[in-house]
1. Is there a residue in the stretch 217-226 that is without any contact (Cβ under 8 Å) to a residue 60 or more places away in the chain, farther than 27 Å from GLN65 by Cα and among the polar types (S, T, N, Q)?
2. Residues that are among the aliphatic types (A, V, I, L, M), modelled with pLDDT of 85 or more and surrounded by fewer than 10 Cβ atoms within 10 Å (Cβ to Cβ): does the stretch 168-188 have at least one?
3. Considering only residues of the stretch 193-236 that are touching a Gly at 6+ places or on another chain (Cβ under 8 Å) and not in a loop (DSSP other than H, G, I, E, B), which is surrounded by the most Cβ atoms within 10 Å (Cβ to Cβ)?
4. Restricting the stretch 40-67 to residues that are modelled with pLDDT under 75, under 29 Å from THR235 (Cβ atoms) and not small (Gly, Ala, Ser), which is surrounded by the most Cβ atoms within 10 Å (Cβ to Cβ)?
5. State whether the residues of the stretch 255-266 include one that is assigned to a helix (DSSP H, G or I), more than 14 Å from GLN65 (Cα to Cα) and out of contact with any Lys or Arg (no Cβ under 8 Å at 6 or more places or on another chain).
6. May I ask you to list the residues in the stretch 164-199 that are more than 14 Å from ILE267 (Cα to Cα), in contact with a strand residue (DSSP E or B) (Cβ under 9 Å, 6 or more places away or on another chain) and of a type in the set (Asp, Glu)?
Amino acid sequence: METNKILSADILDIIFEGRNKEYGAYELRKTYMKRITIALVGTIAICILLFLASLATSGKKKVAQVMVADASLENMKQEEKKPEPPPPPPPPKTEPPKVEVTKFTPPKIVKDEEVKEPPPVQEKLEDTKIGTVDVKGAKDEGIVAPVVEQTGTGKVEAPKEEEDYNKVFTVVQIPAEYPGGLAAWNKYLERNLNSNVPVDNGAPAARYTVVLSFIVDKNGNISDINAENDPGYGTKEEAIRVLKKGGGWKPAVQNGRNVIYRHRQSITFQVSDE
């Protein structure tokens with residue numbers, strides 16, 4: 001390189017003077033600043049887009065709340081009552097056997113020409129009944145007429161089956177109750193349920209209703225919790241978790257006895273956008 005061009009020449013041209021510039025290293029170093037500039041501009045542009053997107057989505061914040069309802073009488077499948085057996089038919093009426101009766105008129109002294117019905121001979125009265133009219137029938141051989149029973153309605157009631165008090169009741173005279181009543185039970189659920197569970201699990205804005213049933217035994221303890229459906233996003237698990245801690249109920253009563261009772265509960269998680 002000529003001496004008068006050294007001061008105005010690029011440093012790369014001085015370094016690669018007399019070398020193979022087509023090898024690639026010269027071109028990479030020559031365009032280094034250009035590539036750095038493009039990379040920086042692209043990175044800044046992507047960051048700006050992400051920032052704007054976060055601002056757009058941050059304006060919509062999801063809010064969740066819990067609603068509970070006593071579903072013990074809603075769509076509850078009642079126990080099928082067994083049809084009562086028909087009463088037995090009344091016994092057939094049997095006519096008592098007719099016994100031969102001979103009319104006997106009390107004796108009265110009159111003239112022979114005034115006699116209308118002569119009295120029966122003594123031999124005939126030995127094997128017949130004596131009455132006021134003649135009746136043809138069987139000879140009197142010690143036949144005893146059936147005893148006439150007091151007439152009733154003709155219906156014979158079947159014996160009532162004794163109720164099984166160890167079965168699980170769904171309909172009782174006095175249902176199981178949480179201490180303080182239904183209002184206290186709903187308040188317990190609303191205080192202990194985590195309404196943000198569906199939001200934390202990415203649930204979109206909607207209503208998520210879980211229907212559960214559980215048994216309240218004769219001592220008021222809760223067991224056998226079953227979820228009839230699962231809307232997802234952790235709602236079923238959260239509902240079961242809280243129900244397990246809600247013991248201490250007043251047991252149900254049927255005919256004055258504590259019985260096992262199945263209660264049904266509805267819990268709704270409401271997720272909405274602000």
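The values are calculated or read from the model by the stated rules, or taken from the named source; none is laboratory data. All values reported here derive from a predicted model rather than from experimental measurement. A quick note on method: Cβ atoms are made from the backbone with ideal geometry, for glycine too, and the neighbour counts reach across all protein chains shown.
1. Among the residues of the stretch 217-226, at least one is without any contact (Cβ under 8 Å) to a residue 60 or more places away in the chain, farther than 27 Å from GLN65 by Cα and among the polar types (S, T, N, Q), which makes the answer yes.
2. Yes, there is a match, as at least one residue in the stretch 168-188 is among the aliphatic types (A, V, I, L, M), modelled with pLDDT of 85 or more and surrounded by fewer than 10 Cβ atoms within 10 Å (Cβ to Cβ).
3. The selected residue is PRO198.
4. That would be LYS62.
5. no
6. GLU177
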